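Engineer: Structure below; questions to follow.
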Amino acid sequence: MPAGSYTVTVTDDIGRTAQTAVTIPDESGPTLNIASLNDVSCNGGADGSIGVATVNGNAPFSYLWSNGTTAAVNPILSAGTYTVTVTDNFGCTSTLQATVAEPAAIQLAFNNTTSTCGNANGTSTVTPAGGTAPYSYLWSSGASTAMASSIAAGVHTVTVTDADGCSVSESTIITLLIPVLAARDLILTSVAQEDLMEPPP
């Protein structure tokens, strides 16, 4: 006989009757469905969540997730696969597995031109990959485009933010190009100074 509520009628040998309600419990155990699934917003984050809905079985239900959470909704999750076991009032169990995903990490590639003669005439162009386009840019020089121009030799940092608000900061080095004649003069000057410092034979 399937689970459910039934009315039982009993009749004795002289025709008198009595009725009572009988409930046959559902001992097949709970059935689980994914009620909500939110992926991580940014690579490496922990704002994902999974919620399960329980049908069939006999309430109340207890929950145990693979990360120790004991509620129907498992919040503050990083990317990964999680398992929940639900136990009903009769000890019948059911297990469900779900995976929280995350977007690809934002990676930056730089294309630089050198600064010459000590001037602020170098450039750096950053090309992002991963995350979600479009991107916004903020350089330590104050530039807010993919290319920072008119920058001097040294270390320059850019923060790239994608459409989901995920950001990454990296630094690049603008080198100083010394003209060939100037480099030769420096070498000759250094050699001459060494000659002057040597004691006479």
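The values are calculated or read from the model by the stated rules, or taken from the named source; none is laboratory data. These numbers were taken from a predicted model, which means no experiment stands behind them. With ideal geometry, Cβ positions are generated from the backbone for all residues, glycine too; neighbour counts draw on all protein chains shown. Quick note on the areas: whole protein, heavy atoms, side chains included, nothing else; ligands and nucleic acids left out. Shrake-Rupley method; radii C 1.70, N 1.55, O 1.52, S 1.80 Å.
Engineer: Is it the case, given these coordinates, that Tyr63 is open to solvent by 40 Å² or more (accessible area, probe 1.4 Å) and either among the hydroxyl-bearing types (Ser, Thr, Tyr) or not in a loop (DSSP other than H, G, I, E, B) (or both)? Give the steps one after another, and end with the answer.
Structural biologist: Numbers: open to solvent by 40 Å² or more (accessible area, probe 1.4 Å): yes; either among the hydroxyl-bearing types (Ser, Thr, Tyr) or not in a loop (DSSP other than H, G, I, E, B) (or both): yes.
Yes; evaluated as a whole, the condition is true for this residue.
Engineer: Being modelled with pLDDT of 75 or more and under 30 Å from Val86 (Cα atoms) is the filter here; which residues of segment 7-34 pass it?
Structural biologist: Scanning segment 7-34 gives Ala21, Gly29, Pro30, Thr31, Leu32, Asn33, Ile34.
Engineer: When you scan segment 124-133, do you find a residue that is more than 25 Å from Ala104 (Cβ to Cβ), more than 23 Å from the chain's Cα centre (by Cα) and not β-branched (Val, Ile, Thr), even just one? Working first, answer last.
Structural biologist: Restricting attention to segment 124-133, the residues satisfying the condition of being more than 25 Å from Ala104 (Cβ to Cβ) are none.
No, segment 124-133 contains no residue that is more than 25 Å from Ala104 (Cβ to Cβ), more than 23 Å from the chain's Cα centre (by Cα) and not β-branched (Val, Ile, Thr).
Engineer: Name the residue that is most open to solvent (accessible area, probe 1.4 Å), counting only residues in segment 66-78 that are outside any strand (DSSP E or B) and either over 14 Å from Ala101 (Cα atoms) or in contact with a Lys or Arg (Cβ under 6 Å, 6 or more places away or on another chain) (or both).
Structural biologist: Thr70
Engineer: Of Thr81, Thr95, Thr99, Thr20, which residue is out of contact with any Phe, Trp or Tyr (no Cβ under 8 Å at 6 or more places or on another chain), within 30 Å of Ser167 (Cβ to Cβ) and in a strand (DSSP E or B)?
Structural biologist: Numbers: Thr95 fails: within 30 Å of Ser167 (Cβ to Cβ); Thr99 fails: out of contact with any Phe, Trp or Tyr (no Cβ under 8 Å at 6 or more places or on another chain); Thr20 fails: within 30 Å of Ser167 (Cβ to Cβ).
Every option except Thr81 fails the conditions.
Engineer: Scan segment 105-118 and give yes if some residue there is open to solvent by 50 Å² or more (accessible area, probe 1.4 Å), more than 28 Å from Tyr135 (Cα to Cα) and assigned to a strand (DSSP E or B), otherwise no. I'd like the intermediate steps shown before the answer.
Structural biologist: Kept after step one, since they are open to solvent by 50 Å² or more (accessible area, probe 1.4 Å), are these residues of segment 105-118: 107, 109-114, 117-118.
Of the ones still in play, those that are also more than 28 Å from Tyr135 (Cα to Cα) are 117-118.
If we keep only those that are assigned to a strand (DSSP E or B) too, we end up with none.
No, segment 105-118 contains no residue that is open to solvent by 50 Å² or more (accessible area, probe 1.4 Å), more than 28 Å from Tyr135 (Cα to Cα) and assigned to a strand (DSSP E or B).
Engineer: Ok, one more. Pick from segment 46-59 the residues that are part of a loop (DSSP other than H, G, I, E, B) and modelled with pLDDT of 95 or more: which of them is least open to solvent (accessible area, probe 1.4 Å)? Full working, then the answer.
Structural biologist: From segment 46-59, those part of a loop (DSSP other than H, G, I, E, B) are 46-47, 57-59; that's our starting set.
Narrowing the set further to residues that are modelled with pLDDT of 95 or more leaves 46-47.
Details: Ala46: 53, Asp47: 80 Å².
The selected residue is Ala46.
Engineer: Among the residues in segment 123-133, are any loosely packed, with under 11 Cβ neighbours inside 10 Å, aliphatic (A, V, I, L, M) and at pLDDT 80 or above?
Structural biologist: Going residue by residue through segment 123-133, those that are loosely packed, with under 11 Cβ neighbours inside 10 Å are 133.
With the extra rule that they be aliphatic (A, V, I, L, M), the set shrinks to 133.
Remaining after also requiring at pLDDT 80 or above: 133.
For segment 123-133, residues loosely packed, with under 11 Cβ neighbours inside 10 Å, aliphatic (A, V, I, L, M) and at pLDDT 80 or above: present.
Engineer: Another question about this same structure. Restricting to segment 142-175, give me the number of residues that are assigned to a loop (DSSP other than H, G, I, E, B), small (Gly, Ala, Ser), without any contact (Cβ under 8 Å) to a residue 60 or more places away in the chain and open to solvent by less than 70 Å² (accessible area, probe 1.4 Å). Lay out the reasoning, then the answer.
Structural biologist: We begin by selecting, within segment 142-175, every residue assigned to a loop (DSSP other than H, G, I, E, B); these are 142-146, 152-153, 162-166, 175.
Now drop any that are not small (Gly, Ala, Ser), which leaves 142-144, 146, 152-153, 163, 165.
From the residues that got through so far, the ones that are without any contact (Cβ under 8 Å) to a residue 60 or more places away in the chain too are 142-144, 146, 152-153, 163.
Add one more test, that the residue is open to solvent by less than 70 Å² (accessible area, probe 1.4 Å), and what stays is 142-143, 146, 152-153, 163.
Counting residues in segment 142-175 that are assigned to a loop (DSSP other than H, G, I, E, B), small (Gly, Ala, Ser), without any contact (Cβ under 8 Å) to a residue 60 or more places away in the chain and open to solvent by less than 70 Å² (accessible area, probe 1.4 Å) gives 6.
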